[in-house]
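The values are calculated or read from the model by the stated rules, or taken from the named source; none is laboratory data. This one's a predicted model, so the numbers in the text were calculated from it and none came from an experiment. With ideal geometry, Cβ positions are generated from the backbone for all residues, glycine too; neighbour counts draw on all protein chains shown. The accessibility values were calculated without ligands, DNA or RNA, using every heavy atom of the protein model including side chains. Shrake-Rupley method; radii C 1.70, N 1.55, O 1.52, S 1.80 Å.
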Amino acid sequence: MAITGKTRYRAFVRASGGPRYVVALTVDALGTGLLRPFLLLYGVTVSKLSAPVTGTAMTVGVVAGLLCMPAVGRWLDRGARSTVVAASMLVRVLGVVLLLADSAGYAWLFATAALFLGIGNQAWPAAHAALVATVADGRERDAALAAGRALRNAGLGAGALVATACLTGGVEALRVLAVVTGLAYLVAAALAWSVHVHARQAPAPAEVGRRESVPRMGALLAANVVYVFCLNVPEIALPLILVTQLHASPVWSAAVFVANTVLVVTLQIPVTVFLSRFPRRSVLALGGVVLTVSYLGFLAAASLGAGWGAPAVAAVSVVCTVGEIVYAGSATALVTALAPDRVLGRVLARFQLSTGFGLAVSPAAITALAPHGPAALWGSLSAATLLAAGAVVTEKDPVKPPSAGVSAARAGSVPSGGSVAASRGGTRSSIKDCSEWSP
């Protein structure tokens, strides 16, 4: 049968989890975009809490979500895939319900809602990556992970735009947005659960005994904490520099954020596919170098002062976004490629811990360095990111135990009728057996 564009598209959708799962991701992202950017505003205006109390509750939610990651990793290693994805969505439904119930301004109720939302937000990336790693192999898996990120960014952006337009309705509009968000999470959870992806665990190889150790990958995880700072540069660092130091209009900050979103949505897949001809570890190190160059560019742009400073920062932000795209397209892909099948969940959980920790500390680090001038902020970020890139390059890959064929421990995951190239170990194989997957 001739391979057409339509055939390749269908194979790509299957590698991404199937049509229903793609719809679930879209609905989930749209719902998240409606509320998550405005959660602080919800706590202040609807729940009538002070900004410090609201912010503290949100931080506690993020930290609690990170503390749950080891349990999520063990659950994934028992073979669960779509069930964990659905659970990460359902727990956020509970969070939204508690938000709607908090009409009297109880801090503990808002904190509990933020806790459930934080758990869901932290569990979802690892669960999604494990599901994609189960239904696809090799570079098709990398492209599917990139597609998931692009789709999520598009949904988050669209949801945020809709929410922004609705905010003219005041407090009642925020309540309505919360209701719609809860319904979106519920529908997405039902769709994700309905694909029934479950990984059959192969017996442990005799060479490694009954238990298989989790590879440390300490340098990679530590480097990831530094790399993650790039995700908060458009939202925190650049608005801080543009408004407080260059005294530019807030329109510049909004333009940078919109451009970042558009570039990620449009370039994430093609850039990831283009770079798939190179080793993942080298690509990840390249992402660190690009980010370092962009940070040095911000340092030079900030020295221009008012007038040319803001346009220069906006121009350099494009380079930073390219670095972010390279990083995002290679980091999770590298982790899933290095992880032994039987401990994939725990490896992804550790990776998400490093990501969440980086996202949690980066706002405090950026706001602490910024008052000391552009050299302190961008010089520190440049040095740390370049060291992280060096650590990625020099770390040796963990030795994976022998397995009975490609993806022997990841099974039952795609509908029949398609094939995907698997490049693990330089081999190619048909896409996995579909006995445990409902399209």
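Subtract the Cα-Cα distance of Val318 and Ala376 from 0.36 nm times their separation in residues, and report this length gain in nm to one decimal. Each step should come with its number before you reach the end.
On the way: separation 58, 0.36 × 58 = 20.88 nm, distance 2.18 nm.
Once the chain is fully extended between Val318 and Ala376, it gains 18.7 nm.
Between segment 357-402 and segment 103-118, how far is it from one alpha carbon centroid to the other, in angstrom?
Here the answer is 32 Å between Cα centres.
Run lengths n ≥ 4 of DSSP H only: what is the helix-derived mean residue ellipticity at 222 nm for the chain, with -39500 (n - 2.57) per run over all residues, to the nearest 500?
Numbers: 16 runs with 303 residues, N = 439.
For the chain, the value works out to -23500 deg cm²/dmol.
State in Å² the accessible area per residue of the chain; use a 1.4 Å probe, count heavy atoms of protein chains only, and round to the nearest integer. It would help to have the intermediate numbers written out before the result.
Details: 18340 Å² over 439 residues.
Value for the chain: 42 Å² per residue.
Let me check I've understood the local charge: for Val265, count other residues with C-beta under 10 angstrom from its C-beta, Lys and Arg +1, Asp and Glu -1. What total comes out?
Details: positive: Arg149, Arg152; negative: none.
Around Val265, the surrounding residues sum to +2.
Can you give the local net charge around Ser362? Use residues other than it whose beta-carbon is closer than 15 angstrom to its beta-carbon, Lys and Arg +1, Asp and Glu -1.
On the way: positive: none; negative: Glu235, Glu324.
Net charge in that neighbourhood comes out at -2.
For the chain, modelled as a GNM with alpha-carbon contacts under 10 angstrom, which of Ala255, Ala163, Ala24 fluctuates the most?
Of Ala255, Ala163, Ala24, the Gaussian network model singles out Ala255 as fluctuating most.
For a test of the definition: using alpha carbon positions, the gyration tensor, and the 1.5 limit on a/c, classify segment 330-387 as rounded, prolate or oblate. Don't skip to the end; give the middle numbers.
Numbers: a/c = 5.49, a/b = 2.49, b/c = 2.21.
Because a/c hits 1.5 or more and a/b exceeds b/c, segment 330-387 counts as prolate.
Could you tell me whether segment 136-197 comes out rounded, prolate or oblate from its Cα gyration tensor? Rule is a ≥ b ≥ c as square roots of the eigenvalues, rounded for a/c under 1.5, then prolate if a/b exceeds b/c, otherwise oblate. List each step's numbers first, then the result.
Values: a/c = 6.72, a/b = 1.87, b/c = 3.60.
Oblate, because a/c is 1.5 or more while a/b does not exceed b/c.
From zero outward in steps of 5 Å, how is the percent of C-alpha pairs of segment 10-111 spread across the bins?
2, 11, 17, 19, 17, 14, 10, 6, 3, 1, 0
Remind me, relative contact order of segment 58-115 in percent, using alpha carbon pairs under 8 angstrom and six or more residues apart?
Details: 33 pairs, mean separation 30.2, N = 58.
Relative contact order comes out at 52 percent.
Tell me the net charge near Gly329. Cut-off is 15 Å between Cβ atoms, Gly329 excluded, with +1 for each Lys or Arg and -1 for each Asp or Glu. Intermediate results must be reported in sequence, preceding the final value.
Working: positive: Arg139, Arg141, Arg149, Arg152, Arg277, Arg280, Arg281; negative: Glu140, Asp142, Glu324.
Around Gly329, the surrounding residues sum to +4.
What are the trypsin sites (Lys or Arg not before Pro) within segment 308-403 that DSSP puts in a loop, where the Cβ has at most 12 other Cβ atoms within 10 Å?
On the way: sites: Arg342, Arg346, Arg350, Lys396; in loops: Lys396.
Listed in order of number, the matching sites are Lys396.
To the nearest 10 degrees, how steeply does helix 171-194 sit against the main Cα axis of the chain, on a 0 to 90 scale?
For helix 171-194, the angle is close to 10 degrees.
With an 8 Å Cα cut-off and a minimum separation of 6 or more residues, compute the relative contact order for the chain in percent.
So the answer I get is 25 percent.
With springs only between Cα atoms under 10 Å apart, run a GNM on the chain and tell me which of Phe257, Phe274, Phe12 wobbles the most.
With Cα springs under 10 Å in the chain, the top fluctuation among Phe257, Phe274, Phe12 is at Phe274.
Could you tell me which of rounded, prolate or oblate describes segment 58-106, using a ≥ b ≥ c as the square roots of the eigenvalues of the alpha-carbon gyration tensor, with rounded for a/c under 1.5 and, failing that, prolate when a/b is larger than b/c and oblate otherwise?
Numbers: a/c = 4.89, a/b = 1.86, b/c = 2.63.
Oblate, since a/c reaches 1.5 and b/c is not below a/b.
Accessible area of the chain with a 1.4 Å probe: how many percent of it is carbon plus sulfur?
Details: 12920 of 18340 Å².
Ligands and nucleic acids excluded, carbon and sulfur give 70 percent.
Would you mind telling me which residue in Val91, Val251, Val293 has the biggest mean-square fluctuation in a Gaussian network model of the chain, where springs connect alpha carbons within a distance under 10 angstrom?
Result for the chain, Cα springs under 10 Å: Val251 fluctuates most.
Would you indicate which of (i) 21.7, 67; (ii) 23.4, 86; (iii) 22.5, 73 is the value of Rg and Dmax of the Cα atoms in Å derived from the coordinates of this structure?
So the structure-derived entry is (i).
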